[in-house]
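I have placed the structure first, in the form of structure tokens, so that the comments after it can refer back to it.
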Amino acid sequence: MDGVVGVYGLGDQDLVSKTFLATGACQHRGKACTGIAVGTSKGIYIHKGLGRIAEVIDNNIIKTFQDLEPVAAIGNIGYTKRKIAEKINSEPIEIHTLTGSKFKVVLTMDGYLVKDDDLRAELESQYGFETGNKTEIIGALLHKYITEEGVSFGAGEKLVERLNGRATFALTALIHDGNETHLVTLNDSRAFEPFCYATIDGTFVASSESFSHRRLGGLIEKEYDGAEMTICSSEGIETKRLKEEPMMPDIFQGVYFGNVASLFRGKEIFQIRRELGLELVDHYQNSKADIVIPNPESGWGVTVGIAEGLGQSLFPALIKLPQAVRTFQEGERQTRSKEVGLKFGGIDSLLKDRNIAMGDDSIVRGSVSEGGSVWVVYNAGAKFIEFWISYGPMFFPSFKEWDRGIECLRELAVQRAFNGGNPYDKTLDEINKAVAKLVGVDEVKYNSQERIKKVAGDGSFQALDASYPIDEEFWPDWLKTEVEKYHKLQGN
């Protein structure tokens, strides 16, 4: 879940600094690598590396890039594109042609492309691929269509149609045509990935997070609808929707990934999470808890709602340690269990001999809870733990995990809790009890999809009901079999 930014401002003396700040505001979305690229009348220049933004970009880089008198810039905060982070896969990425072109394209993207072998094979006679990053394939397609149509909405229409149903994306791109640099932004037709824009003091800013605009002292103007494209050039700034179809924003982005101060489909993410907590209390009604604590960091919002609904005190009794490492994308459970042991510390004076209601955003594989926070809370002397979860039981893996095979399904906590059976025909109470036993707590209290939709609105609930933004023809066979079983047992 990368964070991407695009900035365009003719004569803006702080354009690079603004790009740095706007990109840094997306830091929660990725900590493995970062980069920026600036576009001038003469060309495009890139600086990127491994690590967080402050480790890769310093004041000297900002000053050097600003001295180039840029008119546009793009930025990226990225997750690891491979198990081991490699600089070559970091973004922004320059597209290299083998046949020559007046257009130079550099881009960054939040999103994912499914089954790209045919596209890569089609393009490799014209483009020299240097990375294992799917952004490069989409960038090559963008370059191809710009070569055919110019820097135009026609090029965007071709890209959207080609990727429809097999990719999600929100991209920012710098395009140099030999005379000037254009900034282009574009997202997929289902608007799965969060993307928004505003003009602040005459400078156009697009970002994965509306908090980027607040960081620059402005306010979001609009969240992009599906297949919406902006073209910025010396002739002006124009935005157009290229294709209309029902949108499927990723609801989990609002529940977990987003910055709490950002907006998600018009609603502040903190309030989404708080209201999910209130819905949990309304559903379950009572609690044995003496105090309420969050599972940091993304458990804070729902926990505020739980404490409010229960009328109990909220304490930061579980703390995230400074040496904490990001474990969300670590695929092996044993490795994750070791890493999450470095994440948390408990405050004995708050936890000892208490009944605890602990709030969290979700249980995916269960290893963060099982091997980290739960152990820490019990080890500090807690007598009883209720684990309140703002999201529902996650039956299915993200489509961004499909390339790992059926293991990405089997490792999910709900699937493991019914090992040898299946969770699809179980009541919410039965699932709560089975997952509580798996992660080692006294009670689990999942939210229902109906209540989540009431708070966050319509969209993709891919992990809960297989409402993927990817067309079924691109699904792996093992998933088709599993989803068919789900619908049959659900009586659909």
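The values are calculated or read from the model by the stated rules, or taken from the named source; none is laboratory data. Only a predicted model underlies this, so the values are computations on that prediction, with no experimental measurement involved. Glycine also receives a Cβ, built like all others from the backbone with ideal geometry; neighbour counts cover every protein chain displayed.
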Inset, instruction - Please work out if residue 188 is acidic (Asp, Glu) and within 25 Å of residue 78 (Cα to Cα). - result: yes
Inset, instruction - Go through the stretch 412-428 residue by residue and tally those that are in contact with a Pro (Cβ under 8 Å, 6 or more places away or on another chain) and either closer than 17 Å to residue 483 by Cα or modelled with pLDDT under 95 (or both). - result: 4
Inset, instruction - Kindly indicate whether any position in the stretch 385-393 is of a type in the set (D, E, K, R), under 22 Å from residue 290 (Cα atoms), at pLDDT 95 or above and in a strand (DSSP E or B). - result: yes
Legend entry - Conditions (1) under 28 Å from residue 167 (Cα atoms); (2) modelled with pLDDT of 95 or more; number of the one not met by residue 60: (1)
Inset, instruction - Answer with yes or no whether residue 406 is of a type outside the set (Gly, Ala, Ser) and within 30 Å of residue 116 (Cβ to Cβ). - result: yes
Inset, instruction - Please state which one of 22, 54 is of a type in the set (A, V, I, L, M, F, W, C) and modelled with pLDDT of 95 or more. - result: 22
Inset, instruction - Return the only residue of 237, 272, 231 being more than 27 Å from residue 182 (Cα to Cα) and modelled with pLDDT of 95 or more. - result: 272
Inset, instruction - Go through the stretch 344-367 and give me each residue that's β-branched (Val, Ile, Thr), under 17 Å from residue 445 (Cα atoms) and not in a strand (DSSP E or B). - result: 363, 364
Inset, instruction - Test residue 413 against the stated conditions and say whether it is surrounded by 21 or more Cβ atoms within 10 Å (Cβ to Cβ) and in contact (Cβ under 8 Å) with a residue 24 or more places away in the chain. - result: yes
Legend entry - Test: residue in the stretch 6-24 that is in a strand (DSSP E or B), more than 20 Å from residue 111 (Cα to Cα) and in contact with a Ser or Thr (Cβ under 6 Å, 6 or more places away or on another chain): no
Inset, instruction - Spot the failing condition for residue 309; the list is (1) in contact with a strand residue (DSSP E or B) (Cβ under 6 Å, 6 or more places away or on another chain); (2) within 22 Å of residue 450 (Cβ to Cβ), and only one is missed. - result: (1)
Legend entry - Some residue of the stretch 30-47 being touching a residue at least 12 places away in the same chain (Cβ under 8 Å), outside any loop (DSSP other than H, G, I, E, B) and of a type in the set (D, E, K, R): no
Inset, instruction - Can you give me the number of residues within the stretch 279-296 that are surrounded by fewer than 24 Cβ atoms within 10 Å (Cβ to Cβ) and part of a strand (DSSP E or B)? - result: 1
Legend entry - Of the criteria (1) crowded, with 22+ Cβ neighbours inside 10 Å; (2) farther than 20 Å from residue 253 by Cβ; (3) touching a helix residue (DSSP H, G or I) at 6+ places or on another chain (Cβ under 9 Å), which one residue 192 fails: (2)
Legend entry - Selection from the stretch 108-151 of residues that are over 30 Å from residue 252 (Cβ atoms) and in contact with a helix residue (DSSP H, G or I) (Cβ under 8 Å, 6 or more places away or on another chain): 123, 126, 127, 129, 130, 144, 145, 146, 148, 149
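Listed here are the residues, each with its yes/no results for (1) farther than 22 Å from residue 225 by Cβ; (2) among the aromatic types (Phe, Trp, Tyr); (3) crowded, with 22+ Cβ neighbours inside 10 Å.
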{"position": "86", "(1), (2), (3)": "yes, no, no"}
{"position": "90", "(1), (2), (3)": "yes, no, yes"}
{"position": "96", "(1), (2), (3)": "yes, no, no"}
{"position": "125", "(1), (2), (3)": "yes, no, no"}
{"position": "148", "(1), (2), (3)": "yes, no, no"}
{"position": "153", "(1), (2), (3)": "no, yes, no"}
{"position": "157", "(1), (2), (3)": "no, no, no"}
{"position": "171", "(1), (2), (3)": "no, no, yes"}
{"position": "175", "(1), (2), (3)": "yes, no, yes"}
Inset, instruction - Name the single residue, out of those in the stretch 128-164 being assigned to a helix (DSSP H, G or I), touching an Asp or Glu at 6+ places or on another chain (Cβ under 9 Å) and of a type in the set (Ser, Thr, Tyr), that is farthest from residue 176 (Cα to Cα). - result: 135
